[in-house]
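For reference, the structure discussed in these notes is given below.
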Amino acid sequence: MTRALKNGMMFAGVFAILGALASCTTSNVGEGVKADKTPPPKAVKNEMDIAPLNETDTVTALLQPASKLKPDTVEAARHDTKASKIPYIGAWAADDAGCAKIDQEAYKSFAVITPKSIRQFEENCTITATPPEDNPTSVKASCTASGASSARKITLLVTAIGGLQIVNKPGATPVEYVRCQFPA
C-alpha cells in the first residue's frame, strides 16, 4: 500500500470519527449520557428582549420581606429598570435559594446593584450607573474591602434569560447570577 493511500485512509477515518461525534448532539454519547446542547448565555440589547413571566410561571428567586433587608437591597429590588433603561440594577444571587440569604447570613454569592453602588459580600463599590449603550457594559468602580481601596472596571452582561454575569476585574472569570424579587 502506498504512503499516499495510507494517509488518505487515515484522514478518512479521522473525518468519519469527527462526523460521528458531530452527530452525537441528539443521540447517546455514552451509556445513558446525552451531549449538552445548552447554548451559552445570549446577550440582550435591552430588558425588552427578556421574555416576560407568564401568569403560570412560578418565581422561586425570592428575597426576604423588605423589613428584613438592608436599604440598598430594597432600593435595588424595587428599582424600575424599564423606566431607567438600566437592566443590571437589582438584587442578584448565584441561585434561587441564595436570594433568601441576602442580608440574612454570611452569604458570599450575591450582588446588590443600585444606580450609585455595587455591594458584593465584603466589598462595597461606588459607581455611576448609566443606560448601557452595549451589552456587556463596563462601569467604573471605586471599591473598598477590609479597609483597602481600589479603582477598577466592573463588566456587567445581562443574559437573554434575565440573568446577570459580572466580571469584577479584567481577565477574571464571569460570575453568574439570577435576579431576586420580593414575594408577591
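The values are calculated or read from the model by the stated rules, or taken from the named source; none is laboratory data. All values reported here derive from a predicted model rather than from experimental measurement. So basically every Cβ, Gly included, is an ideal-geometry build from the backbone, and we count neighbours across all protein chains shown. For the accessible areas, the whole protein counts, side chains as well, though only heavy atoms, and no ligand, DNA or RNA atoms are used. Shrake-Rupley method; radii C 1.70, N 1.55, O 1.52, S 1.80 Å.
Take the Cβ atoms of K68 and T173, set R0 to 22 Å, and the FRET efficiency comes out at 0.10.
I need the trypsin sites (Lys or Arg not before Pro) found in segment 103-184, filtered to DSSP loop residues with at most 13 other beta carbons within 10 Å of theirs. Counting only loop positions with at most 13 other Cβ atoms within 10 Å, the trypsin sites (Lys or Arg not before Pro) in segment 103-184 are K108, K116.
Sorted largest first by accessible area at a 1.4 angstrom probe radius, with every protein chain in place, the residues Y88, Y107 fall in the order Y107, Y88. Segment S142..K108, full-extension length gain: 10.3 nm, with 0.36 nm per residue of separation and the alpha-carbon distance subtracted.
Please report, as a whole percent, how much of the solvent-accessible surface of segment 95-184 comes from carbon and sulfur atoms (probe radius 1.4 Å). Ligands and nucleic acids excluded, carbon and sulfur give 52 percent.
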